[in-house]
Structure formats: structure tokens, C-alpha cells
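**Q** I'd like to ask some things about the structure below.
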Amino acid sequence: MPVLAALVALLAKPDAPRPVGPPARPLDLVAVHDLHASFVWCSLQRLGVRDPDLDDVFQEVFIVVHKRLHTFDGSSLLTTWLFGVCLRVAAAHRRRAWFRRETPTDELPDAEDASSRRPDELLAARQARALVARALDRLDLDKRAVFVMFEIDEVPSAEIAAMLGVPEGTVWSRLHAARKQFQAALARIQAKTGRGGAP
Amino acid sequence: MTRPTRWRDDGPDEVRDLLRYTAKTRDLGPRDRARTRARVARIAAGAAVVGGLSLLQSAALGAGLAVLTLVGVEVGTTWRASPAPSAGQSPSASASSSRSSATSVQLATASPLASGAASSLPALPLPNDMAPPRSSARHAGSAPLADDATEPPPRAPDSLAEEAALLERARGALASSPGEALARTEEHAARFPSGKLGMERELVAIDALRRLGRRAEARARAESLLGRAHGGLYEPRLRQLLDGLR
């Protein structure tokens, strides 16, 4: 019985050693949040988690972090490790979203947009965002993240490499692959909708 | 490979136009940060409670098993001492009486650890729509059977250990026989109408209904539970179940 087994395991190994991370500040969940909440928040969006689901998926990430933090041995940057968690949680979220047959919807224009742009510009912006969102949804998640960081958020490639714990050349090759996937996805969507050219 | 330049600057025309309209990733604002920090702190605190609960459940279960072992020894002794049923009493009734007697004696001496552990457990949120006390087989069958009137009244075996064991069986049956899992949860509701693991039972029941294809029932039950689980330990699991039901 699992409960009994847990008790036996607990009694047998009351002080099982756990790897300790390198930071001076103890690695507890709230400390990880304080240090890297923004990184997790942005990473999830870059991995395709949309606003309505962001809070819940963010919480899922921290539940996983809480369960697995003891496995972080400091051999990589914490952001690299966190990105791995985000990637897996976002992938599970994507599968659920696909299962529900959700498709991205046009975002509402924000107040600043609405007041400073003409209606035709607003419409074009909405269509462009929707199109990009749909194309991005067809990218592999790791490539998607690199694409969004580099092309949309304009993060320098060296910084991306540092965050993800990969060589800069890997960032470039992922970006190259992501661009190909993005263009192919865009062409497929436009062929499907019968819409050509820019919105 | 040469250092790439951004498509916004010199990419294909069509893509450049699209990217020009695309908003950057939204950073975490102070309000979002405060809200998420509170939730994360709850996860950390909640996990400690759950960890404590598991430990106490385990201790209670361990104590319950120890009791059962002692009972087994005692029953053997009792049977050896008085093998013949009394007149007018069926052999099975006599054996039952002897067993119950032995059980009550052993539980009276061995259960303080278990009951103490149970009483120190944090109260878990219980669903409001929890079934009202039904006719409980355990209560009906647990009338004092001790043959000595001076003996302390029989104490119920550790209920938390029983609850945990019953739900463990229900959970174990989920994959292979969701119908049986559901029946176990109903048994749990009948036997422990005010049990400490009511919320856990509801989650198992919802999962069982989902696996049985009774999705509407499962969804209604999950949505009803969600309001009461809000901000609690079970909310993420409940939301996950609901996600699968939509």
C-alpha cells in the first residue's frame, strides 16, 4: 500500500541527503518566485500560454518547482532549469488546449491602441496578431520560444543563450529552424483561409 | 553560421509587416507579482500541511495495522480458550462476538496513538454538498458486543486509517474499474459522512465519473466543488480535472 510504503521509507531514511543549490539565499519556493517570477511569466507567454490561462499555468509551474526543487543541483543556471519546467508544463497545456480544439482568438485592442490608431489600422493590427499567433502555435515549443524572444521581444541572442543554457550557435540554429517553420505555417494558414499578403 | 539580424529590420516584407504589429511579451506587473507571490506562498505552506497530513495518515494507518495484528493474536487466543458456541447462539455469531470482544479490548489499549494522531490533523475543507449521514453499516454493526459490562465500550477503529485505506482502494480501482472506484467513494460517503478526507473522495468520484463517460455529472460535481476549493490545496487538481471535462 503506497501510504504504508511511504511511512516505511520515511522511517528507514529520515535524513536522506538532498542536493543543495549554490545560491547564498536558500532555495525555497518563495525565493525562486522572487528571483524568477518575471522570467517564468514571460517564458510561458513565449511558449504560447495565453492571458486567460496564464495564472493557472504559472501556478502549475510552481507546483512542479516545489516538488522538484530538490533535484536542482546547481550544475546549470536556475533559469535554464526553470525554462525546462515551463517547457514541459506548457507542452501539457498545449495538449489540453488542442484536445479542447481551442484556436487563438483576436485580442482586444488596448486602450492606447484604440485611441491613437485609425480603425483600419486597428483591424490590420488585430488580424496581424491573430495570424502570427496561429503560425506560432504550429512551431515546436523550443523553437517558438527562441523565435519570440529574438524576433518579437528583441532579446539579444547571447542573452537568450545564457537564459537557456545553450551555446549562442544553438540559438541561431534554432532561430533558423523556427523561421522556416514559421514561414511554412504562415503559407499554410494563408492558403487555407484564402487570404494573401499582409493584413 | 553568421549572426542573424532581426526580421523586423530586414526580413521578408510580409513577415516584417506582421511582426511590426505584434506586441511584445507582457512583463509581470507589481499587482500580478503580488498576486502570484501570495499563491506561491500558499503552495509552499499547503504542501507542508499535506506532507504533515500524509505523515499523520501514515502513522495512523501504521497504528491501525499494529492493532489488527494484535487483534489477530488475541482472536487466536480467544478461539483456543473457548471454542464451543453457547446454547442458542450460532457458531458464527459466537465467533463474531468473541472477535468483537477481543477487538474492543485491544483497541481500547492500542488506539490512543492513532486517535491522537487523527485529532491533531488540520481540518480539511469539506464539500457542503456532502451526503447527509446515511444508514451506516458500521454504526449499526458496532453496537457494544463486549460480554463484560464493566469493559470500556468498544471504540471505533481508527477512522482516518479506514478512510485512507478505503480511498486508496478507490484510487487503485480508478484505471481498471472506475465503476468499482465510484462504489468505493459512495461507501466512503456512507461510512464517513463527516470524514476528514471528504474533498479527496470527491476528487476520486469526479475522476471515476469522467472515466465512466458520465461527463455531465462529473462536470457538475466538479464545478460545485470548485467554489469551495477556491484558493485551497485541491483547486489545481480540480481545475485539471475540469480542463479534461470541457
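**Q** Taking the condition of a type in the set (Ser, Thr, Tyr) and open to solvent by less than 20 Å² (accessible area, probe 1.4 Å), does residue A:38 pass?
**A** Judged against the criteria, residue A:38 is not a match.
**Q** I'd like the full set of residues that are facing chain A (nearest Cβ under 7 Å), more than 17 Å from residue A:155 (Cα to Cα) and either among the β-branched types (Val, Ile, Thr) or not in a helix (DSSP H, G or I) (or both), limited to segment B:1-14.
**A** The one that is facing chain A (nearest Cβ under 7 Å), more than 17 Å from residue A:155 (Cα to Cα) and either among the β-branched types (Val, Ile, Thr) or not in a helix (DSSP H, G or I) (or both): B:1.
**Q** So which residues in segment A:68-82 are closer than 17 Å to residue A:29 by Cβ and either touching a helix residue (DSSP H, G or I) at 6+ places or on another chain (Cβ under 8 Å) or modelled with pLDDT of 90 or more (or both)?
**A** Answer for segment A:68-82, where residues must be closer than 17 Å to residue A:29 by Cβ and either touching a helix residue (DSSP H, G or I) at 6+ places or on another chain (Cβ under 8 Å) or modelled with pLDDT of 90 or more (or both): A:68, A:69, A:72, A:78, A:79, A:81, A:82.
Yes or no, residue by residue, for (1) within 14 Å of chain A (Cβ to nearest Cβ); (2) of a type in the set (D, E, K, R):
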site	(1), (2)
B:191	no, yes
B:194	no, no
B:207	no, yes
B:210	yes, yes
B:216	no, no
B:221	no, yes
B:230	yes, no
B:238	yes, no
B:244	yes, no
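**Q** When you scan segment A:44-62, how many residues do you find that are more than 9 Å from chain B (Cβ to nearest Cβ) and under 18 Å from residue A:80 (Cβ atoms)?
**A** So the count comes out to 3.
**Q** For segment A:172-191, which residues satisfy the criterion of being within 21 Å of residue A:44 (Cβ to Cβ) and either loosely packed, with under 15 Cβ neighbours inside 10 Å or more than 9 Å from every other protein chain (Cβ to nearest Cβ) (or both)?
**A** Selection gives A:174, A:178, A:181, A:185.
**Q** Next question. I need every pair where a residue in segment A:107-132 that is among the β-branched types (Val, Ile, Thr) has its Cβ under 9 Å from the Cβ of a residue that is at pLDDT 60 or above and part of a loop (DSSP other than H, G, I, E, B), sequence separation at least 6 or different chains.
**A** Matching pairs, first to second residue: A:132/B:22.
**Q** Could we say that residue B:163 is open to solvent by 10 Å² or more (accessible area, probe 1.4 Å), part of a helix (DSSP H, G or I) and in the same structural domain as residue B:227 (by TED's automatic domain parsing) here?
**A** Answer is no for this residue.
**Q** The conditions are (1) under 16 Å from the mean Cα position of the chain (by Cα); (2) open to solvent by 10 Å² or more (accessible area, probe 1.4 Å); (3) modelled with pLDDT of 85 or more, and residue B:171 fails exactly one of them. Which is it?
**A** Among (1) under 16 Å from the mean Cα position of the chain (by Cα); (2) open to solvent by 10 Å² or more (accessible area, probe 1.4 Å); (3) modelled with pLDDT of 85 or more, the lone unmet condition for residue B:171 is (3).
**Q** Of all residues in segment A:129-162, count the ones that are more than 16 Å from residue B:4 (Cα to Cα), hydrophobic (A, V, I, L, M, F, W, C) and surrounded by fewer than 19 Cβ atoms within 10 Å (Cβ to Cβ).
**A** Final tally of qualifying residues: 4.
**Q** Also: Any idea which of B:49, B:75, B:67, B:71 is part of a helix (DSSP H, G or I), at pLDDT below 85, more than 7 Å from chain A (Cβ to nearest Cβ) and open to solvent by 40 Å² or more (accessible area, probe 1.4 Å)?
**A** That would be B:49, the only listed residue that is part of a helix (DSSP H, G or I), at pLDDT below 85, more than 7 Å from chain A (Cβ to nearest Cβ) and open to solvent by 40 Å² or more (accessible area, probe 1.4 Å).
The values are calculated or read from the model by the stated rules, or taken from the named source; none is laboratory data. Everything quoted here is computed from the prediction, not taken from an experiment. Neighbour counts are summed over all protein chains in view; Cβ atoms, including those assigned to glycine, are modelled from backbone coordinates with ideal geometry. Ligands, DNA and RNA are excluded from the accessible area calculation, which covers all protein heavy atoms including side chains. Shrake-Rupley method; radii C 1.70, N 1.55, O 1.52, S 1.80 Å.
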